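J.: First the structure, which I've put down as C-alpha cells, then a few questions once you've had a look.
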Amino acid sequence: METKKLAKTEIKKAAELLKNGELVAFPTETVYGLGAIATNETAVKNVYLAKGRPSDNPLIIHVTDLEMVARYAKNIPKNAEILAEHFWAGPLTIILPLKEGILPSVVTGGLNTAAFRVPNNQDTLALIKEVGEGIVGPSANTSGKPSPTSAAHVLHDLNGKISAVLDGGVSEIGVESTVVDLSIPDVATILRPGAITEEMLNSLIPHVKMDEHFLSEKEKPKAPGMKYTHYSPNAKVYITEATPESFLAAINWAKAQGMSIGLLADKEILALFQNQVTATFELTTLHNIKLATKRLFEGLRALDEQNVEVIFAESFEEIGLGVAFMNRLKKAAGGEEFGGGRG
Ligand code: TXA
Ligand code: MG
C-alpha cells in the first residue's frame, strides 16, 4: 500500500519514453504528476490535451535542486534559497521570474514566471537526473477530477492517453504542494495552501501573506489553476461538522428526499451511521488531520465509484494543515455546507 521503491531498469525505461517525447506519470509525496520534458513543446502540449486542461493554466517544473532551477530562472532571491534549503525536497512550489526563451511558452501559459518544485521521491528525482532536464508535472488526473494519490487513480483517468505510470505506491501527503510566489521582490504570496503552512514559511522569511483570493471562486486568483472548479466528484458534496448530531441531521435530510448517501468521515462517526447509508469511506480516526488529508482525494474517488447522490464530508478547523484540507474540500463542495446556508 505505502511507498514503493522502483527498479533502476524501470526508471531508465521511463526516461527513454520521456526523451522520445512521450508522457509518463510519476509518483511524488503530494500527488502523482503527469510528466513530459519541459523543453519539448509538443510533449508539453500533449500534457494539456491528455488532461483536458485549459492552456492558460501553467505547469510546475520538477527539478532535482536549486542549481537546476538556476538554468531556467532569471534570478534567485535569497528568500528562495532559504525556503529551498529548508523545504526541498518537499511539498513546496516556488514561483520565480523565467529567463526569456529558455522554455516553450506553453509550459507557463505565456507568463514570464515559472513554478519550480523538488519532489521528495527518490525514484522521481532519479528520473529527472536521468532525463537531464526539468519535467513538467501537473497532477495526473483528468482536469476537474480529484488529484491522483495512487497509480490506479492515474490509470482510471488517463489509461490510453499516456505511455506509462511509475507506481510508487500511495502518496504520503495526499494534497498538492503549497505554491508560493517569490517573483516580486520582498513579498512572498501563498497562492495555494499545502502541507508547508503559512506559519512554517513565516518563521523563515518576512512578509508572507495569503493570496486573498485563493478560497474565493468569484474573483480571479493569481494562480490561474485556482480559478477552475477542481476536485469535483459527480456526487454533490456537503461539508458537515464533525459531530454525530450534524451527521444525523444531514442523513435525515437526505433520506427524506430519497437520496443515496455516502459518508466521508471519522471511523467513530461511521460506526454510528454506516447501516443507514449507501456507502462509507473511512477518512480518518480520532479527527486526525494528517490522515484525513492523505485520504481525502481517495475517499472522494471511492465514493463516486459507488454512484451515491450526496456525500457528507467531515470538516476540520482551518489551522495548520487544516487550511489545505478545507481548501480542497470546499472546492469539491463548490461552497456547499450542510446546515449553514445551503443553496
Ligand atoms: O504537488 C504538486 O504541486 C503536484 C505534484 C505532481 O508536484 N503538481 C500539481 O500541479 O499540483 P498542478 O498543475 O495541478 O498545479 C499547479 C498550480 C496551478 O494552480 C497553477 O495555476 C499554478 O500552480 N502555477 C503554475 N505556474 C504558475 C505561475 N507561473 N504563476 C502562478 N501560478 C502558477
Ligand atoms: Mg491539478
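J.: Ordering HIS153, HIS86 by how much accessible area each has at a 1.4 Å probe, largest first, what is the list?
T.: Highest to lowest solvent-accessible surface, that is HIS86, HIS153.
J.: Order the following by accessible area, largest value first: GLU198, GLU172. Probe radius 1.4 Å; ligands, DNA and RNA are ignored.
T.: Solvent-accessible surface, decreasing: GLU172, GLU198.
J.: Also: Mind checking which lysines have their C-alpha under 28 Å from LYS5, skipping anything on the same chain fewer than 8 residues away?
T.: Cα-Cα hits under 28 Å: LYS13, LYS19, LYS51, LYS129, LYS145, LYS161, LYS290, LYS294.
J.: Also: I'd like the Karplus ³J(HN,Hα) series for region 112-122: coefficients 6.51, -1.76, 1.60, θ = phi - 60°, whole numbers in Hz, and an x wherever there's a Gly or Pro.
T.: 9, 10, 9, 9, 10, 8, 9, x, 8, 8, 4
J.: Taking 1 over the mean of 1/r across every pair of different Cα atoms in region 38-180, what Kirkwood radius in Å do you get?
T.: Every distinct Cα pair counted, the radius reaches 15.6 Å.
J.: Specify the residue with the greatest mean-square fluctuation among ALA302, ALA256, ALA80, computed from a Gaussian network of the chain linking alpha-carbon atoms under 10 Å apart.
T.: The residue with the greatest mean-square fluctuation here is ALA256.
J.: How much length would be gained if the chain were fully extended between SER163 and LYS4, taking 0.36 nm per residue of separation minus their Cα-Cα distance, in nm to one decimal?
T.: 55.2 nm
J.: Still on this structure, please answer the following. Mind pulling the angle between the C-alpha long axis of helix 78-87 and the longest principal axis of the chain? Nearest 10 degrees, somewhere in 0 to 90.
T.: For helix 78-87, the angle is close to 60 degrees.
J.: Provide the three semi-axes, in whole Å and in decreasing order, of the ellipsoid equivalent to the chain as defined by the square roots of 5 times the Cα gyration tensor eigenvalues.
T.: With the √(5λ) rule applied to the chain, the semi-axes are 34, 23, 17 Å.
J.: Label points 7 Å out from Cα along the Cβ direction at GLU245 and ALA70: separation in nm?
T.: Label at GLU245, label at ALA70, 6.0 nm between them.
J.: Just the number, please: carbon plus sulfur as a percent of the accessible area of region 236-333, 1.4 Å probe, no ligands or DNA/RNA counted.
T.: 50 percent
J.: 7 Å from Cα along Cα→Cβ at both SER203 and GLN122: what's the point-to-point distance in nm?
T.: It is 2.7 nm.
J.: Then there is this: For SER105 paired with GLU212, estimate the spin-label separation in nm (one decimal), with each label point 7 Å from Cα along the Cα-to-Cβ line.
T.: 3.1 nm
J.: Given a 1.4 Å probe, how much area per residue of the chain is accessible, in Å²?
T.: Computed with neighbouring chains in place, this is 42 Å² per residue.
J.: Quick check: at a probe of 1.4 Å, how many percent of the accessible area of region 8-225 sits on carbon and sulfur atoms?
T.: Exposed carbon and sulfur together represent 51 percent of the surface.
J.: Any chance you could get the radius of gyration and Dmax over the Cα atoms of region 236-333, in Å?
T.: 12.2, 38
J.: With a 1.4 Å probe and every protein chain left in place, tell me how much accessible area SER139 has, in Å² to the nearest 10.
T.: Around 30 Å² of this residue is reachable by solvent.
J.: Note down the net charge around LYS99, summing +1 for each Lys or Arg and -1 for each Asp or Glu among other residues with Cβ under 13 Å from its Cβ.
T.: +1
J.: Let me ask another. Using a Förster distance of 22 Å, how high is the FRET efficiency between ALA152 and GLN306, based on the Cβ-Cβ distance and rounded to 0.05?
T.: 0.85
J.: Also: Which of VAL63, PRO138, LEU83 sits closest to the plus end of the dipole of region 53-173, meaning its Cα is farthest towards the positive end, when Lys and Arg get +1 and Asp and Glu get -1 on the C-beta?
T.: PRO138
J.: I'd like the accessible area for ARG295, computed on protein heavy atoms only with a 1.4 Å probe and all protein chains in place. Round to 10 Å², please.
T.: Taking all protein chains as shown, ARG295 has close to 60 Å².
J.: Just to confirm a number: summing +1 for Lys and Arg and -1 for Asp and Glu over residues other than PRO185 whose beta-carbon lies under 13 angstrom from that of PRO185, what do you get?
T.: 0
J.: While we're here: Could you pull the accessible area for ILE184 with a 1.4 Å probe, rounded to 10 Å²?
T.: Its heavy atoms expose roughly 100 Å² to the probe.
The values are calculated or read from the model by the stated rules, or taken from the named source; none is laboratory data. In this text the structure is predicted, and so the values were computed from the model without any measurement. Because the Cβ atoms are built from the backbone with ideal geometry, glycine has one as well, and the counts that use them run over all protein chains shown. Only protein heavy atoms, including side chains, enter the accessible area calculation; ligands, DNA and RNA are left aside. Shrake-Rupley method; radii C 1.70, N 1.55, O 1.52, S 1.80 Å.
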